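Enquirer: Before I ask anything, here is the structure I am working with.
Values quoted throughout were computed directly from the atomic coordinates according to the rules given, and no laboratory measurement underlies them. In this text, all values refer to a predicted model and were calculated from it rather than measured experimentally. Cβ placement follows ideal geometry from the backbone for every residue including glycine, while neighbour counts extend to all protein chains displayed.
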Amino acid sequence: MYPADYRYTKQHEWIKVQGDIGTIGITDYAQQELGDVVFVDVPKVGAKLAPGKSFGSVESVKAVSEIYSPVSGEVTETNPLLVDTPEKINTDPHNSAWLIKLKLADPKEVAALMDAAAYQAYIAAQAKEHSA
Amino acid sequence: MRYLPKSPSERQEMLAAIGTRSVEDLFTSIPEKFRLRAPLDLPGPLSESEIIQYFQARAAENARGYVSFLGAGVYQHLRSVAADALIQRGEFLTSYTPYQAEFAQGTLTAIFEFQTLMCQITGQEVANASMYDGSTALTEAVLMAERLTSRRHVLVARSVHPEYRQVLTTYAKNLGLEIEEIGYTASGQLDRAALKPETLARTAAVVVQSPNFFGVLEEVPALAEVAHGSGALLVTAITEAVSLGIVRPPAEADIVAMEGQAFGIPPSYGGPYVGVIATREKFVRQMPGRLAGQTTDATGNRGFVLTLATREQHIRREKATSNICTNEALYALAATIHLCLIGKEGLREQALQNLAKARFAQAELEKIPGVRRVFTGPTFNEFSLEFPRSVKMINAELLKEKIIGPFALGTQYPELTKRAVICVTETTPRAEIERFAAAVRRILERPV
Amino acid sequence: MNPKITDLEAPAKNVGKARAHVSQNEGLIFEQSAPGKRGMELPPLDVPAVDPAAALGSQHARDSIEGFPEVSEIEVIRHFTRLSTWNYAIDLGMYPLGSCTMKYNPRVNEFVARLDGLASEHPEQPAEVSQGCLRILYDLQKCLLSITGMDAATLQPAAGAQGELTGLLMIRAYLESQGNPRHKVLIPDSAHGTNPASVVIAGYEVQNIKSNSRGQIDTDHLREFVTDDVAALMLTNPSTLGVFEERIAEIAAILHERGALLYMDGANMNALAGVTRPGDFGVDVMHLNLHKTFSTPHGGGGPGAGPVLAKKILEPFLPVPVVVQKPDGTYVLDHNRPKSVGRVRAFAGNFGVLLRALAYTLAYGPGIRQATEDAVLNANYIRKNLEPYFDLPYNLPSMHEVVFSDARQKVKGVNTMDIAKRLIDYGFHPYTTAFPLIVPGAMMIEPTESESKQECDLFIDAMRSIAAEADATPDLVKTAPHSTRVGRLDEVAAARKPILRWKPA
């Protein structure tokens, strides 16, 4: 479910690194919480992002989720698929429904993020807390 | 008490069911020292006929039976009995915001029609379900422009309604917006020479009103071109909505902020009115206020729902596009019904009558020695004249003849003393226009 | 003590509040439009006609408005009458919406608002011929000051949210005059969304504070949050749970000690009018929602009015103009207010709404307390009767509203929205779902004093029946409503591809 070669954040973003380019999206857990996605708001190409800072949002009918950058970098691409078919986030959150690609300013930041096992443990604990 | 549907014995029954002896027991969570021991000092209680008497007495203390030549953002226009009867139907008057769409399709359908009519009239692509009034609609339009451009500087024409500018200033103060005013030329229109490219390059919006406070129409396409050339938006305010019956709408503007009072809503000493925001489709997610959208249910029936709610305060909270919740729904409905009744031809005819009567009045007044037109630009149903003596004095004398005189410009525009804005609508009979002109002539002939 | 399911009655066909009935179909008015029809005629022009292109210049002249309706008067009457029959309304029955105070809108208020001499008055006309209007404003101010126990009033704000902003601007101006406007406003997590939105527009930063385990202000820890950088706490009292903040005096004291102010959101004033006064328990400034406590009609979403009442220290900062009575007894709008926060809207306010609120207040007089007592009685009666069937997350004394949750029904997959939709089949408008945010699956119920014992009983029966259905036949509830003209609408499609206006084919 959660690709082993991705890294994850507490705010439910994932990042896949290839060289010095990071691809970022939101996790399956996040899309489930949100419900049917109706709109995605991402920054323009060239925008500079900082870790932990909100760079956009994903909206359902009744909720908005801010998206936080896991790392620092400069946006190189935004996903054209999500302009007309934002619902792809619900069906394929980890692959074709990526949000942005960015050029990493400091590749070492990635190591500080959770791996798949840690993330799965984290969301299991979250789920428990919600139903308590 | 006639609004309370309970008998004393029913109250007792209910208290017994709750398990308390007296209703006092239901208030014990209020600390004793704060519980009132005596009834409040309030007038009443009044029976229905006494209430009517009170308000009839108040009505007699106003300007009933006077003829008025005031415009200045609020206009006396024809209204229909049918519209007023419809908005008094309990299912419109006493219904709630249509959050539960299945039980409010009447309201939602009417909102969708209102949004459509506002687009048709303003030449814009999308309009919302209403704002409080024109002044707050304009303020919200400016804030929208700021969000869209990420610029903080705003250029506002001095010929925008003074109270609208005051409201904008109140809001802008705490949001770090820099408001700069631009003057007008001999035509009464915005001084385009004052729009410098260096300034425009950091301007979120150029704000004009058309027809403006002096009654003059602005050259919207030219202004839009200048603004857009430097990445600024053009925001156009409209206070006299009936003008759009014959005046070309500001289609080149990016955001239109309109007061809809002229569409069948009584002047009512300042409100309630109906504010309109209309804009381009690409800006819709930055638009404040409620929006009704068309959709279907599972069996394919067409229906309407409030949509794009993630812009609004109940979801977005501190990041909302606006804090607006309650709007002017019933008066948006009143305007909708009115426009359906007066229709395409009727609105045009009404606007033509306004133009004709205003030109007639202007001609009559300009025959009076010393009375001169102030501006050269084209006007609709309001125009500015200069008088040889104080407008305040003239108006004081006119009042004795049951005529409410024109808006004296001197207080709001110190450079324009002895000048006033006269408004004439389709409701002003020719005989009254002639009586008004004759009275002004007489007053001016009196020794100083 | 959950009763056995057999103890609950299934809804009988002919008793209860509602039964299905044929309703008229109707399209959009544009779909009935045809050239040559009109619904309104004008008297003939009595001056020479003017050619617009010649008079205005051809660049300003407009062709006809494309797509604009052309229909007859009867079609308009039928169109909107049919539409109205698809709505629910207070005139038809209870709206149990929490914090909305959907009470009876007295018809005499509509009559007096339309009187010639009131509806016809222009806001810029001279004060000499506006004494009637000005006195109405002044008299209403006096009544509202009396009810709230405050010193100064403005009737200018057009709605509660605008009242909130006005109050916050006055707080800022006051603190500025004291040397430091500060930066933060504290807001409990149970607050209505307009509160944080208004704070931002006033140029302040929102600091959310968590409610305690009783859903109230965590007074034990409040001192830590009230730093020298906090301008105010925005409080709703009773809270959005319908519970009175018993430690309100302490809360006010903590704020005042630090030079901060207490703002009260008056949305729940229906629990307090005539029984207690916010001015007495430490509130510095507050707004009222006249379309809630003061019976002015909701009209499908507005208009409203949000007057702001404040203590003497804030009086200099009131929006301009202020309605005053001169020594000679006449009334005037005073524009000479150098310390005013400015104007928050054009003209004096939503006069027509203010007038209706005055009519309401005059009808009750000092007897307004009875309305409050009945409102609290109704809420507690409903609470007592529904407690066996629905989860009550905060077991505290309710005032005019009670908040349940869907916890018990969730077990079978039925949530608050489903129950709300099923309530429609029983002829009632839903209660407030999913608010306040601190109660997951919230069901917020406020009957108001306008409901008879019979209507309350019908509501209780409906809710009990739905609880039984949620257990025995949950799918029936999850797919409700079943009896309306349209079923649940596709809100996702509406948001993804918004269609916000009619367009010709």
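Enquirer: Considering the dipole of segment C:29-84 built from charges on the beta carbon (Lys and Arg +1, Asp and Glu -1) around the Cα centre, which of C:F68, C:G39, C:L83 is farthest to its positive end?
Expert: After comparing all options, I get C:L83.
Enquirer: While we're on this one: Note down the relative contact order for chain B as a percent, whole number, built from C-alpha pairs under 8 angstrom at least six residues apart.
Expert: Relative contact order, chain B: 20 percent.
Enquirer: Once amide H atoms are built 1.01 Å from N in the peptide plane, which residues 5 or more positions from B:T296, or in another chain, come under 5 Å H to H?
Expert: Under 5 Å from the amide H of B:T296: B:G303, C:D490.
Enquirer: Still on this structure, please answer the following. Among the lysines, which fall within straight-line cross-link reach of C:K339, defined as a Cα-Cα distance under 23 Å, with same-chain neighbours fewer than 8 residues apart omitted?
Expert: List returned: B:K173, C:K142, C:K184, C:K311, C:K312, C:K326.
Enquirer: While we're looking at this one, here's another question. Calculate how steeply helix B:430-445 sits against the longest principal axis of the alpha-carbon atoms of chain B, using the helix alpha-carbon long axis, and give the answer as 0 to 90 degrees to the nearest 10.
Expert: The angle comes out near 60 degrees.
Enquirer: Relative contact order of chain A: what whole-number percent is it, with Cα pairs under 8 angstrom and at least 6 residues apart?
Expert: Reported relative contact order: 30 percent.
Enquirer: With an 8 Å cut-off on Cα pairs and a minimum separation of 6 or more residues, tell me the relative contact order of segment C:29-84 in percent.
Expert: The normalised contact order for segment C:29-84 reaches 57 percent.
Enquirer: Placing unit charges on C-beta atoms (Lys and Arg positive, Asp and Glu negative, everything else neutral), compute the dipole magnitude of the protein assembly as shown about its Cα centre in debye, rounded to 20.
Expert: On the way: 109 positive and 124 negative charges, 234 e Å.
In total the dipole reaches around 1120 debye.
Enquirer: Sum up the charges of everything whose Cβ sits under 13 Å from the Cβ of A:R7, counting Lys and Arg as +1 and Asp and Glu as -1, but leave A:R7 out.
Expert: -1
Enquirer: Tabulate in residue order the Karplus-calculated ³J(HN,Hα) for segment C:327-343, using 6.51 cos²θ - 1.76 cosθ + 1.60 with θ = phi - 60°, rounded to whole Hz; enter x for Gly and Pro.
Expert: Result, ordered by residue: x, 7, x, 7, 10, 8, 8, 8, 9, 8, 10, x, 9, 4, 5, x, 9 Hz.
Enquirer: Long-range amide H contacts for B:Y184: which residues qualify at under 5 Å (H placed 1.01 Å from N, peptide plane, sequence gap of 5 or more or a different chain)?
Expert: B:D191
Enquirer: Testing the spin-label approximation: label points 7 Å from Cα along Cα→Cβ at A:M1 and B:R64. State their distance in nm.
Expert: Spacing of the two 7 Å Cα→Cβ label points: 7.4 nm.
Enquirer: Continuing with this model, one more query. Return the whole-Å distance between the Cα centroid of segment C:393-443 and the Cα centroid of segment B:298-348.
Expert: Here the two parts' Cα centres lie 27 Å apart.
Enquirer: May I ask for the distance between the Cα centers of segment B:228-264 and segment A:8-40, given as a whole number of Å?
Expert: Here the two parts' Cα centres lie 42 Å apart.
Enquirer: If you don't mind, another one. Which of the helices in chain C, when you take each full DSSP H run, stretch at least 18 Å along the axis at their Cα atoms and have an average Kyte-Doolittle score of 0.0 or higher?
Expert: Span-like helices here: C:131-148, C:160-177, C:351-364.
Enquirer: Set the Förster distance to 25 Å, then compute FRET efficiency between B:N301 and C:T473 from the Cβ-Cβ distance, nearest 0.05. Don't skip to the end; give the middle numbers.
Expert: Details: r = 24 Å, r/R0 = 0.98.
Computed FRET efficiency for B:N301 and C:T473: 0.55.
Enquirer: Additional query: May I ask you to derive the FRET efficiency for C:L437 and B:A85 from their Cβ-Cβ distance with R0 = 45 Å, giving the value to the nearest 0.05? Intermediate results must be reported in sequence, preceding the final value.
Expert: Numbers: r = 41 Å, r/R0 = 0.92.
Taking R0 as 45 Å, the efficiency between C:L437 and B:A85 is 0.60.
Enquirer: Of all beta bridges DSSP finds with both residues in the protein assembly as shown, what is the antiparallel percent, to the nearest 5?
Expert: Here the share of antiparallel DSSP bridges comes out near 70 percent.
Enquirer: Just grab the label-to-label distance for B:A16 and B:L175, each label 7 Å out from Cα along the Cβ direction, in nm (one decimal).
Expert: About 5.9 nm, to one decimal.
Enquirer: Still on this model: Residue by residue through B:164-175, how many Cβ atoms from other chains fall within 10 Å of the Cβ on average?
Expert: The mean count of partner-chain Cβ atoms within 10 Å per residue comes to 5.
Enquirer: If we sort C:407-413, C:306-312 on the protection proxy, mean other Cβ atoms within 10 Å, highest first, what's the order?
Expert: The peptides rank, most packed first, as C:306-312, C:407-413.
Enquirer: Ok, one more. If you add up the charges near A:L81, with Lys and Arg at +1 and Asp and Glu at -1, over every other residue whose beta carbon is less than 12 angstrom from its beta carbon, what do you get?
Expert: Charge balance in the 12 Å sphere: -3.
Enquirer: Once you order the gyration tensor axes a ≥ b ≥ c over the Cα atoms, which shape class does segment C:332-420 get: rounded for a/c under 1.5, otherwise prolate or oblate by comparing a/b with b/c?
Expert: Working: a/c = 3.39, a/b = 2.07, b/c = 1.64.
Taking the square roots of the gyration eigenvalues as a ≥ b ≥ c, segment C:332-420 is prolate.
Enquirer: With a sphere of radius 15 Å drawn around the Cβ of C:E121, what net charge do the other residues whose Cβ falls strictly inside it have (Lys, Arg +1; Asp, Glu -1)?
Expert: +2
Enquirer: Okay, next question. Just name one of B:F214, B:C325, B:F92: the one whose Cα is farthest towards the positive end of the charge dipole of segment B:81-338 (beta-carbon charges, Lys/Arg +1, Asp/Glu -1).
Expert: In segment B:81-338, that residue is B:C325.
Enquirer: Give the calculated FRET efficiency between C:R214 and A:Q126 to the nearest 0.05, with a Förster radius of 30 Å applied to their Cβ-Cβ distance.
Expert: Efficiency, from the Cβ-Cβ distance: 0.70.
Enquirer: Take every DSSP beta bridge whose two residues both sit in segment B:168-265, then give the antiparallel share in percent to the nearest 5.
Expert: For segment B:168-265, the DSSP antiparallel bridge percentage is about 10.
Enquirer: What list of ³J(HN,Hα) couplings, whole Hz, do you get for segment B:101-118 from phi and the Karplus terms 6.51, -1.76, 1.60, once you set θ to phi - 60° and write x for glycine and proline?
Expert: 4, 4, 10, 8, 5, x, 4, 5, 4, 5, 5, 4, 5, 4, 4, 5, 4, 5
Enquirer: Out of the DSSP beta bridges found with both residues in chain B, what percent are antiparallel (nearest 5)?
Expert: 55
Enquirer: Tell me the angle of helix B:8-18 to the major Cα principal axis of chain B, expressed in degrees between 0 and 90 and rounded to the nearest ten.
Expert: 70
Enquirer: Hey, another quick one. To the nearest 20 Debye, how big is the dipole of segment B:81-338 about its Cα centre, given +1 on the beta carbon of each Lys and Arg and -1 on that of each Asp and Glu?
Expert: In debye, rounded to 20, segment B:81-338 gives about 620.
Enquirer: Say a paramagnetic label sat at a point 7 Å from the Cα of C:E41, along Cα to Cβ; which residues of segment B:422-445 have their backbone N under 20 Å from it?
Expert: It comes to B:426-430, nothing else.
Enquirer: How many nm is it between the label spots at A:D106 and B:K402, if each spot is 7 Å from the Cα in line with the beta carbon?
Expert: 8.2
Enquirer: If one takes the longest principal axis of the Cα atoms in chain B, at what angle in degrees, from 0 to 90 and to the nearest 10, does the Cα axis of helix B:220-229 lie?
Expert: Helix B:220-229 sits roughly 80 degrees off the main axis of chain B.
Enquirer: Within 10 Å of each Cβ in B:202-210, how many Cβ atoms from other chains are there, averaged over the peptide?
Expert: 0
Enquirer: Could I ask something else about it? Short version: ³J(HN,Hα) in whole Hz for each residue of segment B:208-219, in order, from phi by Karplus 6.51 cos²θ - 1.76 cosθ + 1.60 (θ = phi - 60°), x for Gly and Pro, what are they?
Expert: The phi angles translate into 10, 10, 8, x, 7, 5, 7, x, 8, 7, 8, 8 Hz.
Enquirer: Now a separate question. So what's the gap between the Cα centers of segment C:467-495 and segment B:370-427, to the nearest angstrom?
Expert: 61
Enquirer: Name the residue from C:T276, B:Y413, A:T27 whose Cα lies farthest towards the positive end of the charge dipole of the protein assembly as shown, charges +1 on Cβ of Lys and Arg and -1 on Cβ of Asp and Glu.
Expert: Of the candidates, B:Y413 comes out farthest on the positive side.
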